[in-house]
Amino acid sequence: MAIQLSDRIASVSYEIRDIVARARKVQATGKKIHWFNIGDPNQFGFRPPIWITDAIIAALNEPKYSAYCPSEGDPELREAVGRIEGVPADHVTIHSGLSEGIDFLFQALVNPGENLLLPSPSYPLYNSKLKVNGGTDNYYQTDAEFVPVTDDIRKKITPKTKAVVVINPNNPTGAVYPRSVLQDIVNIAGEHGLPIIADEIYDKMTLDEEHSVNMRTLTKELPLISGNGLSKNFIYPGSRVGYLAFHGQGIEPLRDAILKLCNSRLSVNWEMQRGAVAAFTMPMAHLKDTHEQLRIRRDLLYKELNEIPGISLAKPRAAFYSFPKLETMKFKDDREFVYSLLEETGVLVVPGSAFSPVLPGKYFRLVFLAPPVELHEAIGKIAGFMKKFA
């Protein structure tokens, strides 16, 4: 007897990881793979600060933290996040990574046929979660530096738009949005009575400035849900601790809906939350060295990729992502390019179309966490491939 799956499962895809199966087949032939598909610093020698792991070890030795945690999160952690975000502790919920928080938000907000405004390109989790909940695509365009075109945001708002999503700094492009653009987005959302969902998981991972502008400094009374966590700023993606903070007037019904969903899944790992308490209450002394290492990699990549005929790259200003554009290409689409590049060279990147179906051109995402020697080697292979095939 055949098992009948739900229609919604067909909308779930995550090519960042889906492409790994093909890479392993290529690897099995003896070819070296350059794993530039996933933004996981720990796979390339980066480590979370020791004060975080020390706090987790201490919690593992304390029987209290082997129990269920309060569903909304560790009280001390909620207090710490509330101080950062400028909201009461009861306006903070703790999640199994920011991705769970996003999932809960979409469940609470989106009815079938409704939409959220997403940047193009966008982190693919947003589109998948939107569709699973019966929502529809609605992307706003970004410019050549991947900064939102605010006039397009205004044009894309419909009666069925429930919120505007802002990912700043941006994954997959490494763009950092100027204060003026963020203020324009706040003004547009306010005019239309729309809440803003601000994914700020990379806000301290800027490479050319101290930090990005947080939306909470601009929104005042406007409903805002800001999200952050341990995975990027603290180099600890495996911790799976993120949070949502609820700002502005009229936000309480949404917060209460998220609390219901928190209760339904019991709790987030308590020991890891104790590590998050250390993260959010101690100085971020690890960032200086992290930024220096990433700048070396970014500058090498930016220089060498832009020297390859047929490729152009807007300079990433945060995180560890680049989003090169294919200016000339004989392949029918970016997926065929990426798969051919993998099979010919062993360089594993992700097609740009995985991040948006409405990109004005062909792109790919390349994560630049690998050591500079490996990046240089892989870029040489890309150059040879472009000369031969593109």
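Before moving on, here are some points about what is shown:
- Helix 97-109 vs. the chain, principal-axis angle (Cα, 0 to 90°, nearest 10): 70 degrees
- Sparsely packed trypsin sites (Lys or Arg not before Pro) within segment 245-299, loop by DSSP, other Cβ within 10 Å at most 14: Arg265
- Listed residue (Gly101, Leu287, Thr142) projecting farthest to the positive dipole end of the chain, Cβ model: Thr142
- Selection among Pro253, Asn133, Tyr65 by position relative to the dipole of segment 50-281 gives Asn133 as farthest towards the positive end (Cβ unit charges, Cα centre).
- By the count of other C-beta atoms within 10 Å, a proxy for reagent exposure, Ser340, Ser180, Ser239 are ordered fewest to most as Ser180, Ser340, Ser239.
- Full extension of the chain between Asp289 and Lys388 yields a length gain of 31.8 nm, computed as 0.36 nm times the residue separation minus the alpha carbon distance.
- Which of Ile188, Val350, Tyr339, positive extreme of dipole for the chain (C-beta unit charges): Tyr339
- Selected from Val81, Val26, Val349 as most flexible by GNM, with the chain as the system and alpha-carbon contacts under 10 Å: Val26
- The chain: relative contact order in percent, alpha carbon pairs under 8 Å with at least 6 residues between: 23 percent
- Partners for Lys232 among lysines (Cα-Cα distance below 16 Å; same-chain residues under 8 apart left out): Lys204, Lys288
- Net charge contributed by nearby residues that have their C-beta within less than 12 Å of Lys131 (K/R +1, D/E -1): -1
- Computed from label points 7 Å out along Cα-Cβ, the spacing between Asp7 and Glu343 is 3.5 nm.
- Computing FRET efficiency as 1/(1 + (r/R0)^6) for Glu374 and Asp18, where r is the C-beta to C-beta distance and R0 is 30 Å, gives about 0.80.
- Over the chain: helical MRE at 222 nm, DSSP H runs n ≥ 4 each giving -39500 (n - 2.57), nearest 500: -12500 deg cm²/dmol
- The magnitude of the dipole of segment 50-281, with charges of +1 and -1 set on the Cβ of Lys/Arg and Asp/Glu and taken from the Cα centre, is near 500 debye.
- One decimal place: the segment Ser66-Glu191 gains 40.3 nm when fully extended, by the rule 0.36 nm per residue minus the C-alpha distance.
- Distance from the alpha carbon centroid of segment 350-372 to that of segment 35-69 works out to 28 angstrom.
- Rounded tilt (10° steps) of 334-345 against the dominant C-alpha axis of the chain: 60 degrees
- Reduced Cα scattering model of segment 203-253, Debye log10 I(q)/I(0), q = 0.26, 0.31 Å⁻¹: -0.98, -1.10
- Rounded to the nearest 0.05, the FRET efficiency derived from the C-beta distance between Ile296 and Glu145 at R0 = 25 Å is 0.70.
- Whole-Å distance, taken between Cα centres, linking segment 288-341 and segment 79-152: 26 Å
- Note: segment 50-281, Cα convex hull, 113 Å³ per residue.
- Ranked list, fewest to most other Cβ atoms within 10 Å of each Cβ, for His211, His95, His376: His376, His211, His95
- Val358 versus Ile38: modelled label distance in nm, points set 7 Å from Cα along the beta carbon direction: 3.1 nm
- Nearest 10 degrees, 0 to 90: helix 372-389 Cα axis against the chain principal axis: 50 degrees
- About the Cα centre, charge dipole magnitude for segment 189-237 (Lys/Arg +1, Asp/Glu -1 at Cβ), debye: 180 debye
- Here the label points at Ser264 and Lys330, each 7 Å from Cα along the C-beta direction, are separated by 5.2 nm in the simple model.
- Share antiparallel - DSSP beta bridges, the chain, percent rounded to 5: 55 percent
- Principal axes of the chain: Cα extent on each, largest first, Å: 59, 58, 52
- Only the Cβ atoms of Lys and Arg (+1) and of Asp and Glu (-1) were treated as charged; on that basis the dipole of segment 15-161 about its Cα centre amounts to roughly 840 debye.
- Full-extension gain in nm, Thr53 to Lys315, via 0.36 nm per residue minus C-alpha separation: 91.0 nm
All of the numbers you see were taken from the coordinates with simple rules; none came from a lab. All figures in this text were calculated on a predicted structure; none of them were measured in a lab. Backbone-built Cβ (ideal geometry, glycine too); neighbour counts: all protein chains shown.
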